[in-house]
Amino acid sequence: MTVRRTASAVAMALGLTAASFAPALASDDMFVVAINHQPDTLDPTISVNTVISRPVLENIIEPMVGLDAQGNLVPGVLSFEYSDEGRILTLRVREGVTFHSGDPLTADDIIFSHERTAERSRIYQSRLRNFDHIERVDDMTVRMVFSSADVTFLPPRNLSIVSKAYYDRVGEDEFVSHPNGTGPYRFVSYTPAQEMILEANPDYWGGEPDVKHLRFVFAGEDSTRVAMLRAGEADLILNVPFMERDRLEADGFTTAQIAVTPTVSVQFTLNNPDVPWHDVRVRLAVAHAIDADGIVEGLFHGVPGRHPRFAPGEVGYDETLENYSYDPALARQLLADAGYPNGFDMPLIWWHGENSGLRETAEAVALYLQQVGINTQVSSLDVPDFVGRLRAATANPTTEDWVGITPTPMAEYFDPTIALAFTYWSASPFSQYRNEAFDALVAQAVQTVDPEVRGPLVVEATRILHDDVPQISLWNNMAVYAMRDGVHYNPPPRHLVRAMISEVTLDD
């Protein structure tokens, strides 16, 4: 079932020419990966959604630090060291690393990457709330200075390293359209909404990968990716629907599943005081009306995990916290106590286009809520529109009144403190929640480097969330990969869904 494409056939079909520093493919073997979305840009320093851009682009342009097999931060193209109680972060360039263009990686590239990303990426800007300035120490070293310690900066790995010399030589348009990094793969071509072709970097500092010629195919429909694998048109597919895992294994395909962010949740818009769910009793009624265990077992074959907030092994995991029980009678009583004995109507919007299972979850939630008198109008929004509505709900609380089925940052996120700050801290542009005690705990946790000290702060903050119910955790995402015989891939847990093909090994 090995997938093969000739370089000449691909080039003729797409009308491609070799790029200035990317020679044409020389082998008949093309490893095909089917992925559910394309990058929003070919320049990660300006990406507005790293969830969809990183799986492909990380193969070309590396983040400043790497991950080990357990998902922990380790030195990559840069090493890192904190000092002055977490207020100074020193970054040193790995010796001998060059960009695909041939330019050596230096301290000037770190500064250029930081300044470009800080100017253009709102995600990166949010990591710089306590950042003061960056200093060039020498040709291979920079120092990032913070006004106060901030544990939210490094774990998301939001700074991708690009070349200043290359930018100065080719200009903005070529820089964006022809990505140039230090990663294990070089860019060859990109056809929007169809595919991206890469080739192995023989000079990669981490060693040349097993897969030499690589084609990412962008296939948004879950069924399409599964069909490609079955037909021998893909060697590896990402985001396998949970209900397909057992069937693929039974048919001889290999699967791997890794616990990753996000947590699929019911998320309330809370800043409008005139909606029923502004009352905590109503939110708690919704929590008790939904059989989330039934959703996980009945719809998704028990594949996703289910934790009330954070997962075992994470900083601030609280083993005493329990999921809300499925109790329709209690839900009806809570609704009556809140003044809604006959229920109410409620918009229910699910986040479309990024994670599998949200549509099925929204439909199941609607049926459960109907049993206690809450009638929902189920609809969906694509990711950019949903994010826009979420921002609007924060800025204009009296004009936005809906409830969402969303992929919420919570368990298996980069760091639990970051999840709390991103989703619920009142300083976040995405927060629908206002609680002074919670804000104070998060502000303290953000500045607490020692995980032994930070953990109890996270526990106390999550208990506030659990009692106040601004969000109901339904299930925790599990990234399921499927591959043909002879392909082996086990990405690290936590963080985002990854597709680092340099970590794929092939049987001879």
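The values are calculated or read from the model by the stated rules, or taken from the named source; none is laboratory data. What you are looking at is a predicted structure, and each value in this text was computed from that prediction instead of being measured. Cβ coordinates were reconstructed from backbone atoms using ideal geometry, including for glycine residues, and neighbour counts include every protein chain displayed. Note: areas computed on protein heavy atoms with side chains; ligands, DNA, RNA excluded. Shrake-Rupley method; radii C 1.70, N 1.55, O 1.52, S 1.80 Å.
Observations, loosely collected:
- The chain - percent of accessible surface contributed by carbon and sulfur, probe 1.4 Å: 48
- Couplings 3J(HN,Hα) of region 404-414, computed from phi: x, 9, 10, x, 8, x, 7, 5, 6, 7, 4 Hz, in residue order, whole Hz [Karplus 6.51 cos²θ - 1.76 cosθ + 1.60, θ = phi - 60°; x for Gly and Pro].
- Rounded if a/c under 1.5, otherwise prolate or oblate - region 353-508, Cα gyration tensor axes: oblate
- Region 361-430 - percent relative contact order, Cα under 8 Å, separation 6 or more: 21
- Using a cutoff of 8 angstrom between alpha carbon atoms and counting only pairs six or more residues apart, the relative contact order for the chain works out to 20 percent.
- For region 145-204 and region 365-390, distance of Cα centres in Å: 37
- Global geometry of the chain, whether rounded, prolate or oblate, following the gyration tensor of its Cα atoms and the 1.5 cut on a/c: oblate
- Of the GluC sites (Glu not before Pro) found in region 302-346, those in coil by DSSP whose Cβ has at most 14 other Cβ atoms within 10 Å are 319, 322.
- The value of relative contact order for region 284-386, using C-alpha pairs under 8 Å at least six residues apart, is 30 percent.
- For region 159-218: rounded, prolate or oblate by the Cα gyration tensor [a/c cutoff 1.5]: oblate
- Computed label-point distance, nm, for sites residue 176 and residue 326 using a 7 Å Cα→Cβ extension: 4.9
- Of all DSSP beta bridges in the chain, antiparallel share, percent nearest 5: 75
- Converting phi to 3J(HN,Hα) with the Karplus coefficients 6.51, -1.76 and 1.60 and the offset θ = phi - 60°, region 262-275 yields x, 9, 6, 9, 8, 10, 9, 7, 10, 7, 9, x, 9, 10 Hz in sequence order, with x at every glycine or proline.
- Accessible surface calculations at 1.4 Å, restricted to protein heavy atoms, place region 202-280 at 38 Å² per residue.
- Sum of -39500 (n - 2.57) over DSSP H runs of 4+, divided by residues of the chain (222 nm, nearest 500): -8500 deg cm²/dmol
- For region 210-235 versus region 434-454, the spacing of their alpha-carbon centroids is 43 Å.
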